[in-house]
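Structure provided below as structure tokens; questions to follow.
Please treat every number below as a calculation from the coordinates, not as lab data. Here the structure is a predicted model, which is why all the values come from computation and not from measurement. Here Cβ is always computed from backbone atoms with ideal geometry, including for glycine, and neighbour counts include all displayed protein chains.
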Amino acid sequence: MLIKTMIPLLAIILLAFGCQPQVTVDVEAEKGAVAGVLDNYVKSIVDEDMNLYGQVMAHGADMVNFGGFGDPIIGWEALETVINGQNEMLSETSIDVSDVNIHIGPDGNIAWATSLWLLKAMAGENEMNLPIRCTWILEKREAGWTVVHFHKSMAAG
């Protein structure tokens, strides 16, 4: 009688704890894919390629990003306006990227990364050399990894 009672109880315990699907994530492959998205982000800025920029960025109306200065950039349309304005203002843009660190969440669907940039550009007749610290959050969607948030800042002083 005790065995008949224990078998259903054991089955419930196994279903609740032991039979959960385990997610196997190829962390190195996912890091490579995220690195590719970040490389394309940089390429889109350097080449002023809004089509490529639109491919790597989320297009949510509730998305909030932070540039190197100024107000938060809320939603895709505002971000597109900011980047188009940047493209009109800057020329001869180059970005040297260093210290890239990419982390993949345990389920393989969220990633965050940090990097350092040295952005060089001409703003009219003025040469710019801006050291920028970047933080990225990406989400793995049906089409692949997408930037859902970024924050860029410059060291004070």
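Output wanted: per-residue J couplings in Hz (rounded whole) for region 139-148, from phi through Karplus 6.51 cos²θ - 1.76 cosθ + 1.60, θ = phi - 60°, x for Gly and Pro.
10, 8, 10, 3, 7, x, 5, 9, 6, 10
Right, something else. For the pair A78/N101, report the inter-label distance in nm, with labels modelled 7 Å from Cα in the Cβ direction.
The modelled label-to-label distance comes out at 2.9 nm.
Show me, for region 93-108, the HN-Hα J-couplings you get by feeding each phi into the Karplus relation (A = 6.51, B = -1.76, C = 1.60, θ = phi - 60°), rounded to Hz, glycine and proline as x.
Karplus-based 3J(HN,Hα) across region 93-108 equals 6, 9, 9, 9, 9, 9, 6, 7, 10, 10, 10, 10, x, x, 8, x Hz.
Next question, about the same structure. Below 14 Å, Cα to Cα, which aspartates and glutamates can K43 reach? Residues fewer than 8 away in the same chain don't count.
The reachable aspartates and glutamates, counting only those whose Cα sits under 14 Å from K43, are E92, D96.
May I pose another question? Work out the length of the dipole vector of region 25-153 about its Cα centre, built from +1 on the beta-carbon of each Lys and Arg and -1 on the beta-carbon of each Asp and Glu, and round it to the nearest 20 debye.
With only Lys, Arg, Asp and Glu charged at Cβ, the dipole is about 280 debye.
Additional query: With a cut-off of 18 Å, note down the residues of region 122-156 whose backbone N falls inside the zone around a label point 7 Å from the Cα of E92 toward its beta carbon.
Within reach of a label on E92: 122-131.
Now, a different point. Over all directions, how big on average is the projection of the convex hull of the alpha-carbon atoms in region 25-153, in square nanometres?
Approximately 7.6 nm², given one-decimal rounding.
Same structure again: What's the ranking of 43-53, 120-130, 81-91 by average number of surrounding C-beta atoms within 10 Å, highest first?
43-53, 81-91, 120-130
Sticking with this one: Quick one: check the C-alpha center-to-center distance for region 76-123 versus region 24-63, whole angstrom.
9 Å
Moving on to the next point. Search the structure for amide H atoms under 5 Å from the amide H of G75, placed 1.01 Å from N in the peptide plane, and list their residues when 5 or more places away or on another chain.
Placed amide hydrogens put M63, V64, N65 under 5 Å from G75.
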